[in-house]
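Here the structure comes first, spelled out in structure tokens, and everything after it is commentary.
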Amino acid sequence: TTIGNASVDKDFTLSANDLEVTDKLTVGGNANIDAVNNVSIADVETNNANISASEKITVDNANIKGDLNTEAKNIIINEINLAGNINANVDNLAVNTSNDINIGSIAGNTKDYTTNLEINSDKSIFNGLDSDKINIYAQSIDLNAGDKISTMDNPLNFMLANGNKLSMSSDNSIAISTNGESANYADIITSQIALETNNDINIDNLKVNNAEIKTTTNNINIGNMDIKTSAVLETANKRVVVNNTSLKPIIDSDVQMYLTNQPTYIHINGSNNIETNPVNVVRNNQHILILQDNYYNSMNSTTTASAEANIKNTKVGEKTIEKTDKLLYTISTAHNYVQSVIGNIIASQNRLVKTYRGDDVTQQNVMDTINNSVKSQIYNVNQKKEVSENSEEENKLGLL
């Protein structure tokens, strides 16, 4: 069956051996198409689209206001503007779009898992479901987005088949949660990545600004790791932290790294040995080995060394305050001199400073004393004023 240009106000339903739409099919309601063999559509506009074929579905352009529900061994979509979710039972799926796309549920057609799935979006690829339900049952997954691949609050959920191979890239962020078999990533390239799984994680090439990778098992393996800013690699019994902005010790890490030599590698398993380039290790806890050796001290030793360095670099005054019966330090009336600082100054004078009543100046009365003194002249705390016992200046200040 061949259709050129067609418009239907309500629902459109068609069953045929093969269907080809050479121009544009416009449907006011839902489009329901069932073909024995193949479906080929140049352009379609509809609310919900339900398209099935035993062999192949090809759509060059689609504007769908609801969901796209498809079923075939092979599906190719070259451009789509989809308001709802894409759902598919398909063995091989390829989707290209210049718009956001929401993934509902994608699984296999002739078997449980989709063999090859590739989705490319100039914008973002989102989880279209509001729960932790599986979005994709697949063996090979290749996702590429101009902005995001899902969000940290609602990651895409994969059920992975044995022998899987995954590849992800986006300009902004990626958030993925996997179940099933161990996750095998060929490439992950993005700014921020969050991966979570209940099985092992193997990554051939990781290039990110920030990463958070967690597994409930013991194994994380990364062949080439290029981290610009920070990363947390967390297994069932280890926590490795990468911080390329500071050498400050991170208390809750088993291994702390500052990647001066990268890309590097890391292999974490159930043993107390971690395989990585030791030049990038800032510290490791005493029970952790790096390449079967305790290259760096424990956190206690690192903290002690850091404290020692801070003390050595702390600047102190070259001279102590002079103490004499003839020299008197007068202090400013500015209120930003807190009483504790003033108290230290007074203490350094061996109680030389007196109020006009003859009382010792204390932290409690110093501000009142100074503020109620003659204000014709104010001295900075660092100034010295030499005063004789019976001078006229002493009487003005109300001292001694």
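The values are calculated or read from the model by the stated rules, or taken from the named source; none is laboratory data. Quick caveat: nothing in here was measured; it's all calculated off a predicted structure. Note that we place each Cβ from the backbone using ideal geometry, even for glycine, and neighbour counts take in every protein chain shown.
Applying the condition of being out of contact with any Phe, Trp or Tyr (no Cβ under 9 Å at 6 or more places or on another chain) and within 16 Å of ILE188 (Cβ to Cβ) to segment 121-145 and asking which residue is surrounded by the most Cβ atoms within 10 Å (Cβ to Cβ) yields ILE125. Against the test of being modelled with pLDDT of 90 or more, of a type in the set (Gly, Ala, Ser), surrounded by 14 or more Cβ atoms within 10 Å (Cβ to Cβ) and assigned to a loop (DSSP other than H, G, I, E, B), the options SER332, SER246, SER253 yield a single qualifying residue, SER253. When residues in segment 87-109 are screened for being of a type in the set (Val, Ile, Thr) and within 14 Å of ILE57 (Cα to Cα), 2 of them pass. A search for C-beta distances below 6 Å between a residue of segment 122-136 that is under 10 Å from PRO155 (Cα atoms) and any residue that is assigned to a loop (DSSP other than H, G, I, E, B), counting only pairs 6+ apart in sequence or on different chains, returns PHE126/SER150; ASN127/ASN135; ASN127/SER150; ASN127/ASN154. Within the option set THR264, THR303, being modelled with pLDDT under 95 and surrounded by 14 or more Cβ atoms within 10 Å (Cβ to Cβ) holds for one residue only, THR303. Screening the candidates ASN162, ASN154 for the property of being in a loop (DSSP other than H, G, I, E, B), farther than 18 Å from LEU93 by Cβ and touching a residue at least 12 places away in the same chain (Cβ under 8 Å) yields one hit, ASN154.
Taking the numbered list (1) surrounded by fewer than 21 Cβ atoms within 10 Å (Cβ to Cβ); (2) among the hydrophobic types (A, V, I, L, M, F, W, C); (3) in contact (Cβ under 8 Å) with a residue 40 or more places away in the chain in turn, ILE149 passes all entries but (1).
Within segment 7-15, one or more residues are touching a Leu at 6+ places or on another chain (Cβ under 9 Å), in a strand (DSSP E or B) and surrounded by 13 or more Cβ atoms within 10 Å (Cβ to Cβ).
The set of residues in segment 261-287 that are part of a strand (DSSP E or B) and of a type outside the set (Phe, Trp, Tyr) comprises THR264, ILE266, HIS267, ILE268, ASN273, ILE274, GLU275, THR276, VAL281, VAL282, ARG283, ASN284. Of everything in segment 90-148 that is among the small types (Gly, Ala, Ser) and in a strand (DSSP E or B), the residue that is nearest to ALA161 (Cα to Cα) is ALA138. Just one residue in the set ALA186, ALA211 is modelled with pLDDT of 95 or more, over 27 Å from LEU289 (Cβ atoms), part of a strand (DSSP E or B) and not β-branched (Val, Ile, Thr); that residue is ALA186.
Residue by residue, here is whether (1) in contact (Cβ under 8 Å) with a residue 24 or more places away in the chain; (2) surrounded by fewer than 17 Cβ atoms within 10 Å (Cβ to Cβ); (3) out of contact with any helix residue (DSSP H, G or I) (no Cβ under 7 Å at 6 or more places or on another chain) holds:
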site	(1), (2), (3)
ASP23	no, yes, yes
GLY29	no, yes, yes
VAL39	yes, no, yes
GLU45	no, no, yes
GLU71	yes, no, yes
ILE77	no, no, yes
LEU93	yes, no, yes
GLY104	yes, no, yes
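Summed over segment 220-243, the residues that are surrounded by 17 or more Cβ atoms within 10 Å (Cβ to Cβ), within 10 Å of ILE268 (Cβ to Cβ) and of a type in the set (S, T, N, Q) give a count of 2.
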